[in-house]
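Sharing a structure, written as structure tokens. Questions coming.
Every read-out reported here was derived from the displayed coordinates using simple, explicitly stated rules and does not represent laboratory data. Keep in mind that what you see is a predicted model, and the values were worked out from it rather than measured. Reconstructed Cβ throughout: ideal geometry from the backbone, glycine too, with neighbour counts over all protein chains shown.
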Amino acid sequence: MVVRIRGAAKAFGPVTVFEGIDLDVHQSEVVVLIGPSGAGKSTLLRCVNGLERLDAGTIDISGERLSYQQGPLNRIRRNVGMVFQSFNLFPHMSVLGNVMCAPVKVAGRPRDEARQEARQLLDKVGLADKCDSFPSSLSGGQRQRVAIARALAMRPQLMLFDEPTSALDPELVGEVLEVMRALATEGMTMIVVTHEMQFARKVADRVVLVADGGIVEQGSPQAVLDEPATPRARAFLNAVLER
Ligand SMILES: Nc1ncnc2c1ncn2[C@@H]1O[C@H](COP(=O)(O)OP(=O)(O)O)[C@@H](O)[C@H]1O
Ligand SMILES: [Mg+2]
């Protein structure tokens with residue numbers, strides 16, 4: 001088991017975002033989280049990599065309990081790659097610099113080794129020819145692929161994606177989803193928040209609908225997307241699929 005969440009609860013002040021969330025993610029599984037805006041999908045992902053702290057409940061990553069002490073937290077974070085809606089690249093560094101930065105500075109790997117691995121990762125996301133470019137000269141889709149390569153450079157056991165294509169022009173969405181699909185095929189364990197239902201259908205092993213403060217429904221893409229069991233799921237899917 002890569003992720004084991006039990007009884008997760010989170011509030012901001014008086015507002016409960018979710019409570020009683022149990023979720024397991026197995027090795028090489030791709031779990032797609034869907035749900036209305038404000039349901040707490042981002043907050044849940046941020047709790048999984050320790051950017052936010054649960055009010056109650058536990059999260060285990062590869063058998064290690066997420067604690068909020070600096071040492072263990074940093075160790076767990078290195079094992080968890082995250083890609084956000086906005087690209088968060090360092091603007092003053094080349095593409096190659098962005099990808100090899102954390103392996104050298106955080107993981108203490110030799111520069112030459114990190115550089116070589118960064119080149120391989122950029123090749124893998126289709127950007128071998130952009131190593132020396134700066135983020136400002138790239139399209140949104142290219143930036144997001146650099147962000148994926150940068151996360152992979154830490155050799156994570158788990159990748160979290162929070163609406164990685166939501167900020168992209170429509171014609172650039174496909175190239176990013178394709179990189180994610182390839183990663184899933186290679187066996188990466190992934191939790192993906194997305195509204196791309198075709199991606200969910202093709203790539204997800206499991207779709208989880210988060211709404212009304214908890215997990216409303218989960219199952220295979222076919223089960224959840226085609227034959228939702230609850231009125232809440234039907235209402236959400238009708239709203240999304242009508243767009
Ligand atoms: N740092 C924060 N402080 C206060 N409220 C927050 C914070 N982050 C998120 N929220 C609130 O928590 C709820 C869930 O947000 P979020 O996890 O971003 O939902 P989703 O990603 O599903 O759209 C929303 O009501 C949001 O306004
Ligand atoms: Mg969100």
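Kindly check whether there is at least one residue in segment 94-113 that is under 15 Å from the mean Cα position of the chain (by Cα) and away from ligand 1 (no atom under 14 Å from the Cβ).
No, because not a single residue in segment 94-113 is under 15 Å from the mean Cα position of the chain (by Cα) and away from ligand 1 (no atom under 14 Å from the Cβ).
Might you check whether a residue that is in contact with a Phe, Trp or Tyr (Cβ under 8 Å, 6 or more places away or on another chain) and either within 12 Å of ligand 1 (Cβ to nearest atom) or under 22 Å from residue 154 (Cα atoms) (or both) occurs anywhere in segment 57-65? Walk me through how you get there before you give the answer.
Our first condition is that a residue be in contact with a Phe, Trp or Tyr (Cβ under 8 Å, 6 or more places away or on another chain); within segment 57-65, this holds for none.
No: zero hits.
Sticking with this structure for a sec: Suppose we keep only residues that are assigned to a helix (DSSP H, G or I) and of a type in the set (Lys, Arg) within segment 56-93. Which one would you say is surrounded by the most Cβ atoms within 10 Å (Cβ to Cβ)?
This residue is 77.
Consider segment 202-233. How many of its residues are basic (Lys, Arg) and over 29 Å from residue 155 (Cβ atoms)? Give the steps one after another, and end with the answer.
Filtering segment 202-233 for residues basic (Lys, Arg) gives 202, 206, 232.
Adding the requirement that they be over 29 Å from residue 155 (Cβ atoms) leaves 232.
Summing the residues that are basic (Lys, Arg) and over 29 Å from residue 155 (Cβ atoms) in segment 202-233 gives 1.
Specify the residue that is farthest from ligand 2 (Cβ to nearest atom); the eligible residues are those in segment 163-199 that are farther than 22 Å from residue 240 by Cα and in a strand (DSSP E or B).
Within segment 163-199, the match that is farthest from ligand 2 (Cβ to nearest atom) is 189.
Out of the residues in segment 200-235 meeting the condition of being among the small types (Gly, Ala, Ser) and touching a Pro at 6+ places or on another chain (Cβ under 7 Å), tell me which one is nearest to ligand 2 (Cβ to nearest atom).
Applying the first criterion (among the small types (Gly, Ala, Ser)) to segment 200-235 yields 200, 204, 211, 213-214, 219-220, 223, 229, 233, 235.
With touching a Pro at 6+ places or on another chain (Cβ under 7 Å) added as a condition, the list becomes 200, 204, 211.
Values: 200: 16, 204: 17, 211: 13 Å.
Going through the qualifying residues, I end up with 211.
Pick out the one residue from 193, 176 that is within 16 Å of ligand 1 (Cβ to nearest atom) and either touching a Ser or Thr at 6+ places or on another chain (Cβ under 9 Å) or under 25 Å from residue 36 (Cβ atoms) (or both).
Sole residue among the options that is within 16 Å of ligand 1 (Cβ to nearest atom) and either touching a Ser or Thr at 6+ places or on another chain (Cβ under 9 Å) or under 25 Å from residue 36 (Cβ atoms) (or both): 193.
Out of the residues in segment 182-207 that are surrounded by 15 or more Cβ atoms within 10 Å (Cβ to Cβ) and charged (D, E, K, R), state the one that is nearest to residue 147 (Cα to Cα).
196
Surrounded by 21 or more Cβ atoms within 10 Å (Cβ to Cβ), over 14 Å from the mean Cα position of the chain (by Cα) and part of a strand (DSSP E or B), is that true of residue 160?
no
A further question follows. For segment 211-233, give me the residue count where each residue is of a type in the set (A, V, I, L, M), in contact with a Leu (Cβ under 6 Å, 6 or more places away or on another chain) and assigned to a strand (DSSP E or B).
Matching residues across segment 211-233 total 1.
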